[in-house]
Amino acid sequence: MDDVPDRSGAGMVAVPVAGPAAITVDRVTKVFDGGDRSVTALEDVSFEVPRGGFVSLIGPSGCGKSTLLRLVAGLLPASGGEIAVGGIAPREARRKRQFGIVFQQPILFDWRTVAQNVGLPMELLGRSRAEIDARVTELLGLVGLADFADHRPWELSGGMQQRVSIARALTLAPPYLLMDEPFGALDMITRDRMADELLRIWSEEIDTTVLFITHSIPEAVLLSDRVVVLSARPGRVAATVEIDLPRPRSAEVRETPEFFALESELRRQLLAAEQA
Ligand SMILES: Nc1ncnc2c1ncn2[C@@H]1O[C@H](COP(=O)(O)OP(=O)(O)OP(=O)(O)O)[C@@H](O)[C@H]1O
């Protein structure tokens, strides 16, 4: 495991984006075929997510971010180019349950308790009650919901529901976490708090590689090792910005000159990408 970046907080060092690529997107194109109304959503997109790394996608609305995430997740086929996840095709990786996926809206079953929602993926695989209970307890502790195990989702706030979704995505300890604007529906304060929590969770689930979509520049800077900026549709890689801030990153890092400099660099790239 020594090729996984050290996020333990043992030292305030910049985490280099290095090591073998976990996700490779190589010259990928996606065309939604609709006869006269075909839409080219992505064109010639290439980037890598290193193993154990955190890479964000940012870009104008409609530039193909969700499409790209769905291609990586094996939920949609690419029209051209290659995607490899841990060296295998996305659909194969999906079949091997390599992904935890979190969408903008938490998709929870209202008639199940929080614990039953989190345990569902293990239940579907026929795991033992004891094994499920142990993992659910661990995960609810990790996302700060230990006291809400027996609540129903509708009794929780939006931020708490999203934490349940994150816990459920982690249930099978997937090596890849794909997150499509998971905090987009939350108010600003809750959103900031959730970003801090995600960093903490990620630092504990050491070997998890994250691909994250956001519209928020500060969120991208806070969380990522690398930000891939996509241009307006058809989405192409307009820029790649390395976020070389030291880890662990606490809330205070948001107030540093280095953070502001990266924010303005990303804002500049995003504006250029919108006008491209
Ligand atoms: N199933 C589909 N069939 C046809 N066109 C689609 C389909 N899914 C997405 N598109 C089109 O592909 C383009 C990219 O959509 P996508 O949702 O990936 O963008 P996005 O960057 O995630 O947008 P937003 O930031 O607004 O969520 C859009 O023009 C969209 O209309």
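The values are calculated or read from the model by the stated rules, or taken from the named source; none is laboratory data. Because the structure is a prediction, the values reported are computed rather than measured. Heads up, the Cβs are rebuilt from the backbone with ideal geometry, glycines too, and the neighbour counts pull from every protein chain shown.
Considering only residues that are away from the ligand (no atom under 16 Å from the Cβ) and crowded, with 20+ Cβ neighbours inside 10 Å, look in the range 203-220 and name the one that is nearest to residue 50 (Cα to Cα).
The extreme case among them is 209.
Residue 154 - would you say it is assigned to a loop (DSSP other than H, G, I, E, B) and more than 16 Å from the ligand (Cβ to nearest atom)?
In short, no.
Quick one: count up the residues across the range 76-122 that are surrounded by 19 or more Cβ atoms within 10 Å (Cβ to Cβ), in a strand (DSSP E or B) and within 16 Å of the ligand (Cβ to nearest atom).
3
Report, by residue number, each residue of the range 46-75 that is away from the ligand (no atom under 15 Å from the Cβ), of a type outside the set (Lys, Arg) and in a loop (DSSP other than H, G, I, E, B).
52, 53, 74
When you go through 200, 236 one by one, which is the residue that is closer than 22 Å to residue 48 by Cβ and among the charged types (D, E, K, R)?
Checking each option against the conditions leaves just 236.
On the basis of being acidic (Asp, Glu), in contact with a strand residue (DSSP E or B) (Cβ under 9 Å, 6 or more places away or on another chain), in the same structural domain as residue 73 (by the TED database) and buried (at least 17 other Cβ atoms within 10 Å of the Cβ), does residue 244 make the cut?
no
Scan the range 225-241 and give yes if some residue there is assigned by the TED database to the domain that holds residue 27, under 22 Å from residue 183 (Cα atoms) and free of Cβ contacts under 8 Å to residues at least 60 places away in the same chain, otherwise no.
Within the range 225-241, one or more residues are assigned by the TED database to the domain that holds residue 27, under 22 Å from residue 183 (Cα atoms) and free of Cβ contacts under 8 Å to residues at least 60 places away in the same chain.
Any idea which residue in the range 172-202 is nearest to the ligand (Cβ to nearest atom), counting only those that are within 10 Å of the chain's Cα centre (by Cα) and assigned to a loop (DSSP other than H, G, I, E, B)?
Per the stated criteria, the residue is 181.
Give me the residue from the range 29-44 that is within 8 Å of the ligand (Cβ to nearest atom) and more than 20 Å from residue 239 (Cα to Cα) and, out of that set, surrounded by the fewest Cβ atoms within 10 Å (Cβ to Cβ).
Once the filter is applied, the top-ranked residue is 34.
Any chance the range 70-91 includes a residue that's in contact with a His (Cβ under 9 Å, 6 or more places away or on another chain), farther than 22 Å from residue 242 by Cβ and among the β-branched types (Val, Ile, Thr)?
no
Which of the residues spanning the range 232-255 are modelled with pLDDT of 95 or more and of a type in the set (Ser, Thr, Tyr)?
Passing the criteria: only 240.
Quick check on the range 69-79. Is at least one of its residues in the same structural domain as residue 195 (by the TED database), touching an Asp or Glu at 6+ places or on another chain (Cβ under 8 Å) and within 30 Å of residue 27 (Cα to Cα)?
yes
Under the condition of being assigned to a helix (DSSP H, G or I) and in contact with a strand residue (DSSP E or B) (Cβ under 9 Å, 6 or more places away or on another chain), which residue from the range 157-171 is surrounded by the fewest Cβ atoms within 10 Å (Cβ to Cβ)?
Filtering the range 157-171 for residues that are assigned to a helix (DSSP H, G or I) and in contact with a strand residue (DSSP E or B) (Cβ under 9 Å, 6 or more places away or on another chain), the one surrounded by the fewest Cβ atoms within 10 Å (Cβ to Cβ) comes out as 169.
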